[in-house]
Structure formats: C-alpha cells, structure tokens
Amino acid sequence: MSLSDWLANRWILVHEASPAEIADLFALVDRDLEDAAVPRLSADWRLGITYNAALQLAMLALAAAGFRPGRERAHERAILSLRETVGTAEATVNLLDSLRRKRNQNNYERAGTTSTAEAKELYEIVTVLREQALKWMKKNHKALIPPGLV
Amino acid sequence: MGTSPKSVELGEALFGRTRRGVLALLLGRPDERFHMREIFRRIASGSGAVQRELGHLVEAGLVRRTSEGRQVYFSANPDAAVFRELQAIIEKTAGAPEVLRTELAPLISTGQVVLALIYGSIAAGSQTAASDVDLLVLGDATLTDIIPAVRAAEARLGREVNPSVYPVGEFRKRLKGGTPFLNRVVSGPKLFIAGDEDELERLAR
C-alpha cells in the first residue's frame, strides 16, 4: 500500500515540512541516541529512548515526504511508514513495531522486561536507521537537511 | 467495548483444564503422535483424567488411537468433520505454547534459544480475550532472530506476544541482583516452550 493509499484512508494527512522542523527532529534523534548510550540508565529506559529516536526518524521522513500521521494510531503508522519513505526493510519495521508495545509495557506496566542485550541491539539498529534516513534525505530532500548534516 | 474482558476466560469457558491441555497438544502438533506418558508429562494432569479425556475424544472421532506392538499412541484426527474449526479455536484459546514452540523450533534446534517460557495470565490460566502472551526467552538469540517467530505466532494466535530476550549470563546476574520482574517470572506459573523447570533452575544458579 503506497502513501497515496494511506492518504486516501486518512491514516496520514498532507503536511508541508520546513527546514527548521527537520532540524528540530534530527536534534531530537541525536539527543535520544546520545542519552540511550548512557550505560548507567536502566535497559528499559535505554530501549524506550532509542525507540523514541526511531519514532522521530519516522516522523521526519514522513514530514519530508509531505505528510504527518493522522490522529488514530499515529505512532504505529509513523513507524510503518518507514517502509514507504526511507525504504527500511520489512524485518526492521516489524521489529520496531513490536518494540513499540514493549516500550509501552516498560513505561506503564512493569520494570525489568528489557535486557541490556535487547537495548544494545535496538540502539545499533536505530543508529543504522539514522544513517539510512539521512542518506535518503540527501538524495530526495536535500533542501530540508540542516546545514550541519549536509 | 461492551463486555469486560475479565469476565471472559475463553479456554476455561469452552473446555475443562485437562481436555484443553490434550486438545492443545494434539491439535497444535497434528503431524505427531504421542505416547500416553508423554501426554501426562506435558500437560501435568493426573493419568486418570487424561485417560478419560482421551477415551471421549477417540470415541468422538477427534483423536486417533494407534498401536505399535505394546505401545499405544494418540494423535489428532485431521479427517474429523470439525478438525480445522476446532484447531483454530484451540490455537486461539489454549495453543500459545504449541504455536510458539513451532515458530521458535529453528532457534531451539540450533541452541540459540536454550529456554523459553510463557508467564503471566496465560500461564496462570486466567487469560481473557484481550490477554497478550508474555514470553521470556533465554539464549544467544537476538530480537532480530526472535521477532519473525513472534510475529508469525501472533498471526496464528490472534494475540499479541511480548518477548523479553535475555542472554543466560545477564538473566542470572539480574535474577541474583533481585530484579522483581524476573523473580516473579521464575516463582510464578509458567508454561515451558523450550526447557523445563530443572533447566530453569540450572540456568538461574
């Protein structure tokens, strides 16, 4: 299903991104990835922060493509849209989608469900995702990239 | 939603514990046959109750009884008129361990998963229509390895599966460090997918 189908279903809405917005979102991604690397934080929080970085990457790619998520299931659809924007592999998108639920569980239901190994693995995946997103931006939306990242 | 999920314990409403266990095992693995002793062991029910249930299910044509020498085996009967429908109901209400065992089998056979178990409401037998499957996996498998199996199981079960994947060393360390979550899992009700209580005790030491 393409983004135009998503638009027809109102899963996403038309949105005009500005360079300032993209710069802010990249800054959030980099802040989160930096914080997620702090070893004394719990694995639960590290996974949650890393997931947030992935979510912001999905939002910025969607914004650069001219859209924002609709009101319902906004986070889920933002993550799934990575397939259509950056061209992220389905296996990675599925993993991020599964961790969206784990992050909710960590935040609101119980502590300790995340291992350090899981947090580290997700961190490595999202670090690669950031590089992929930046490469995609350079190729398709160069005018929106913050000057420091060009 | 109009109905409180807490009022609906699907598996229990449909079948008694022993029948549910027998059906989940046999319909979850329809290509295999099981010796009576193995059925007792896997579903942890008394031999009399299991024998009675198997007798009823054989009479109804849902289960096949075959003999080889002095050994008697039981298997699901895929020719039963309601086989597919019953299998779908069992998978959705009681079949989580079997479904996950099938999906994780490649990782179990390579030793990447040394132990896997279900904890939480499904293990306690108090699941509702809205319950997730809480899964703990121990071994060298990564989330990247586990998630495809989890997604496939979710599709078959119609339930979300929440995995926690721990390397054995980290599991042991966190358990000894007193992580309440892991201590609760270890001491609470469990359904083993790979390994058993003895293996868990060994890994926790």
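Read-outs: derived from the displayed coordinates by stated rules, not from any lab. Since the model is a prediction, treat every value here as computed from it, not as a measurement. Cβ coordinates were reconstructed from backbone atoms using ideal geometry, including for glycine residues, and neighbour counts include every protein chain displayed.
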Can you give the mean number of other chain Cβ atoms that lie within 10 Å of the Cβ atoms in peptide A:91-98? 4
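When you count, for each residue, the other Cβ atoms within 10 Å and take the mean per peptide, how do B:114-120, B:188-194, B:60-66, A:138-144 rank with the highest first? Mind showing how you got there, number by number?
Working: B:114-120: 22.6, B:188-194: 19.0, B:60-66: 15.4, A:138-144: 12.6.
Highest mean packing first, the order is B:114-120, B:188-194, B:60-66, A:138-144.
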What ratio of Cα Rg to 2.2 N^0.38 Å holds for the protein assembly as shown? 1.15
Given the candidates B:Leu14, A:Leu82, A:Leu47, the one whose Cα lies deepest towards the positive end of the charge dipole of the protein assembly as shown, counting +1 at each Lys or Arg C-beta and -1 at each Asp or Glu C-beta, is B:Leu14
Translational D (Stokes-Einstein, µm²/s) of the stretch B:95-204 at 4 °C and 1.567 mPa s when Rh comes from the Kirkwood sum over C-alpha pairs? 94 µm²/s
Just checking the output field for B:53-62: average partner chain Cβ neighbours within 10 Å of each residue's Cβ? 0
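Note down the Stokes-Einstein diffusion coefficient of the stretch B:7-88 in µm²/s, whole number, using a Kirkwood radius over alpha carbon pairs, 37 °C, and 0.692 mPa s. Please report the intermediate quantities before stating the final value.
Details: Rh = 12.9 Å.
The calculation lands on 254 µm²/s.
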Lys and Arg at +1, Asp and Glu at -1: neighbours of A:Asp5 with Cβ under 15 Å from its Cβ sum to +2
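When DSSP assigns beta bridges and you keep just the ones with both residues in the stretch B:116-200, what percent turn out antiparallel, to the nearest 5?
That works out to approximately 55 percent antiparallel.
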Per residue of the stretch B:140-147, in order, report the coupling 6.51 cos²θ - 1.76 cosθ + 1.60 (Karplus, θ = phi - 60°) as ³J(HN,Hα) in whole Hz, putting x for Gly and Pro. 8, 4, 9, 4, 4, 6, 7, 4
Spelling it out for B:Val114: with amide H atoms placed in the peptide plane at 1.01 Å from N, the residues 5 or more places away or on another chain with amide H under 5 Å from its amide H are B:Leu138, B:Gly139, B:Asp140
I'm a student and want to see the number: the projected area of the Cα convex hull of chain B, averaged over all directions, in nm². 12.9 nm²
Largest first and to the nearest Å, give the Cα extent of the stretch A:1-134 along each principal axis. 43, 28, 24
If I take the Cα coordinates of the stretch B:52-110 and project them onto the principal axes, what are the three extents in Å, biggest first? 36, 31, 21
If you line up the long axis of helix A:19-36 against the longest principal axis of chain A, both from Cα atoms, how many degrees apart are they, to the nearest 10? 10 degrees
Mind listing the phi-derived Karplus ³J(HN,Hα) values for the stretch A:77-91, rounded to whole Hz, using 6.51, -1.76 and 1.60 with θ = phi - 60°, and x for any glycine or proline? 6, 4, 4, 5, 5, 4, 4, 7, 8, 6, x, 4, 4, 4, 4
Long-range amide H contacts for B:Asp196: which residues qualify at under 5 Å (H placed 1.01 Å from N, peptide plane, sequence gap of 5 or more or a different chain)? none
Only Cα pairs under 8 Å and at least 6 apart count here; give the relative contact order of chain A as a rounded whole percent. 31 percent
Contact order relative to length of the stretch B:35-87, as percent, for alpha carbon pairs under 8 angstrom and 6 or more apart: 29 percent
Short version: ³J(HN,Hα) in whole Hz for each residue of the stretch B:165-174, in order, from phi by Karplus 6.51 cos²θ - 1.76 cosθ + 1.60 (θ = phi - 60°), x for Gly and Pro, what are they? 10, 10, x, 4, x, 5, 4, 4, 5, 5
